[in-house]
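Taken together, the values in this text are just the output of simple stated rules run on the coordinates, not laboratory data. Worth saying up front: this structure is predicted, and the values here are computed from it rather than measured. Note: ideal-geometry Cβ built from the backbone for every residue, glycine included; neighbour counts use all protein chains shown.
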Amino acid sequence: MPDVHDYLRLLAEKDGSDLHVKAAGPAHIRIDGDLSEVGELPELSPQDTADFARQLLDEHTAARLERGEEIDLAYSMPGVGRFRVAVFTQRGSVGLVFRRVLQGAQDFDALGLPAAVRKLAEEQRGLVLVTGPTGSGKTTTSAAMISHINKNRRCHIVSVEDPIEILHRDERAIVDQREVGIDTRDFTTALRSVARMDPDVIFVGEMRDLETVRAALQAAETGHLVLSTLHTQSAAETINRVIDLFPPHQQQQTRLALANTLKGIVSQRLLPRVQGGRIAAIEVLVMTTRLYDFVVDPDKSEMLEDAIAEGEYYGMQTFDQHLLALYRDGVVTLRDALGTATSPHDFRVAVRAAGLATA
């Protein structure tokens with residue numbers, strides 16, 4: 001009888017990022033962004049995938065799955081690793097997707113993050129956002145920032161996550177990690193009570209809705225450093241997404257609150273390295289007086305990207321500027337850089353201007 005642990009062990013051995021398990025077909029592993037069939041282990045029946053779910057879920061969570069709910073959880077396998085798991089039903093059978101989470105947080109240098117990200121982690125108060133599509137490494141970057149604070153600042157860090165993916169042991173800081181569904185009912189409830197826990201730093205795993213965003217902004221306004229993530233593609237889109245969550249009559253007030261609390265936005269996209277593996281292309285916005293005006297005034301919001309491009313002195317960079325540097329250094333191919341660029345046409349022009357190719 002197939003055992004889910006054999007599949008997870010193989011995922012770790014192959015250094016894959018995700019395992020897809022589906023009834024009536026082979027499992028698939030994602031390696032460096034590409035999915036491939038698992039030929040070493042048998043195809044799975046509907047009974048097999050249902051048994052996999054039973055190995056992971058307690059009675060209460062299994063009942064939720066039976067009612068048609070989707071389940072998100074974290075699962076640890078001793079000696080193999082920790083995984084974020086999505087359990088769901090499709091066409092009447094159970095499907096599972098496992099994402100492998102690296103043990104412990106990596107540091108900024110290992111991840112190739114720009115110096116501005118370290119400076120944002122050293123802010124004492126305000127709002128810092130890490131954004132990007134699913135699978136772009138937001139969790140890894142956020143964990144690196146929390147780890148840096150933990151190692152360098154005597155403070156109290158409180159995280160609210162769904163689920164907890166990377167564990168942080170107390171170092172110079174005290175770290176309390178709360179998991180939605182186990183330690184608290186939801187993000188909003190946890191954020192309403194977090195002020196009574198005497199936090200200095202608050203990590204919100206994801207700003208999913210209006211109430212979570214409102215609570216995060218209020219926490220930043222009252223002198224805490226708030227770190228969070230959003231599924232947005234760029235710094236400009238992030239600002240617009242936050243503001244658009246609010247009703248029209250509150251949007252100007254929200255612009256002012258955001259402009260006053262925002263310290264920076266780190267947006268990222270993953271692309272293949274020439275030598276194997278993947279690397280993040282990073283866009284960095286650092287709040288300045290000039291950008292403050294662009295956030296407050298909706299008529300100037302289209303000028304944000306130009307301001308980021310011209311903000312090298314403050315550590316800012318656009319995706320395309322970072323991609324050009326990665327291509328120049330031989331880290332990524334021209335084809336992959338063009339496929340990731342915000343404006344492929346403008347990127348080709350920049351490549352020619354730099355004398356790097358006749359693209």
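Might you report the magnitude of the Cβ-based charge dipole of region 108-317 about its Cα centre, with Lys and Arg at +1 and Asp and Glu at -1, to the nearest 20 debye?
Details: 23 positive and 29 negative charges, 99 e Å.
Once rounded to the nearest 20, the dipole reads 480 debye.
Be a star and scan region 26-64 for residues whose amide nitrogen sits under 19 Å from the point 7 Å along the Cα-to-Cβ vector of His5.
41-42, 48-58, by backbone N distance to the label point.
Taking just the C-alpha trace of region 4-102, give me its Rg and Dmax in Å.
That works out to 12.7, 35 Å for Rg and Dmax.
Just the projected area, averaged over all directions, of the convex hull on the alpha carbon atoms of region 48-201: how many nm²?
About 10.8 nm², averaged over all directions.
Under the definition of Cα pairs under 8 Å and six or more residues apart, what whole-number percent is the relative contact order of region 4-102?
27 percent
Under the definition of Cα pairs under 8 Å and six or more residues apart, what whole-number percent is the relative contact order of the chain?
Here the relative contact order equals 13 percent.
Suppose we keep just the DSSP beta bridges with both residues in region 108-317; what percent of those would be antiparallel, to 5?
Within region 108-317, antiparallel bridges account for around 30 percent of the total.
Highest first, please rank the peptides 267-273, 189-195 by the mean number of other Cβ atoms sitting within 10 Å of their residues.
Going from most to least packed, we get 267-273, 189-195.
In whole Hz and in residue order, list the ³J(HN,Hα) couplings for region 28-45 that follow from phi through the Karplus curve 6.51 cos²θ - 1.76 cosθ + 1.60, θ = phi - 60°; x for Gly and Pro.
Per-residue couplings from phi come out as 10, 10, 9, 10, 6, x, 10, 8, 9, 5, 8, x, 7, 10, x, 5, 10, 8 Hz.
Among Ile182, Ile164, what is the fewest-to-most ranking by other Cβ atoms within 10 Å? Could the numbers behind the result be given before it?
On the way: Ile182 12, Ile164 21.
The order, fewest Cβ neighbours first, is Ile182, Ile164.
According to a simple spin-label model (label point 7 Å from Cα along Cα-to-Cβ), what is the distance in nm between Glu122 and Val349?
For the pair Val349/Glu122, the computed spacing is 3.6 nm.
Add -39500 (n - 2.57) for each DSSP H run of 4 or more in the chain, then divide by its residues: what number comes out at 222 nm, to the nearest 500 deg cm²/dmol? Mind showing how you got there, number by number?
Working: 15 runs with 136 residues, N = 359.
It lands at -10500 deg cm²/dmol.
Report the net charge of residues surrounding Val266, where surrounding means a beta-carbon distance below 9 angstrom and charges are Lys +1, Arg +1, Asp -1, Glu -1.
0
Multiplying the sequence separation of Leu256 and Ile31 by 0.36 nm and subtracting their Cα-Cα distance, what value in nm do you get? Kindly include the intermediate steps, with their values, before the conclusion.
Working: separation 225, 0.36 × 225 = 81.00 nm, distance 4.31 nm.
Extra length available between Leu256 and Ile31 comes to 76.7 nm.
Measuring from label point to label point, each 7 Å out along Cα→Cβ, what is the Glu211 to Val274 span in nm?
The answer from the label model is 5.1 nm.
If the viscosity is 0.890 mPa s and the temperature 25 °C, what Stokes-Einstein diffusion coefficient in µm²/s follows for the chain when Rh is the Kirkwood radius over Cα pairs?
Rounded to a whole number, D works out at 112 µm²/s.
Check Val332: other-chain or 5+ apart residues with amide H under 5 Å from its amide H, H built from backbone geometry?
Under 5 Å from the amide H of Val332: Val274, Tyr327.
What whole-number value in cubic angstrom gives the convex hull volume per residue for the C-alpha atoms of region 214-359?
Spread over its residues, the Cα hull of region 214-359 gives 124 Å³ apiece.
Can you give the convex hull volume per residue for the Cα atoms of region 136-244, as a whole number of Å³?
Spread over its residues, the Cα hull of region 136-244 gives 101 Å³ apiece.
For Asp293 paired with Asp306, estimate the spin-label separation in nm (one decimal), with each label point 7 Å from Cα along the Cα-to-Cβ line.
1.2 nm
Of all DSSP beta bridges located in the chain, what percent are antiparallel, nearest 5?
Counting only bridges with both partners in the chain, antiparallel ones make up about 60 percent.
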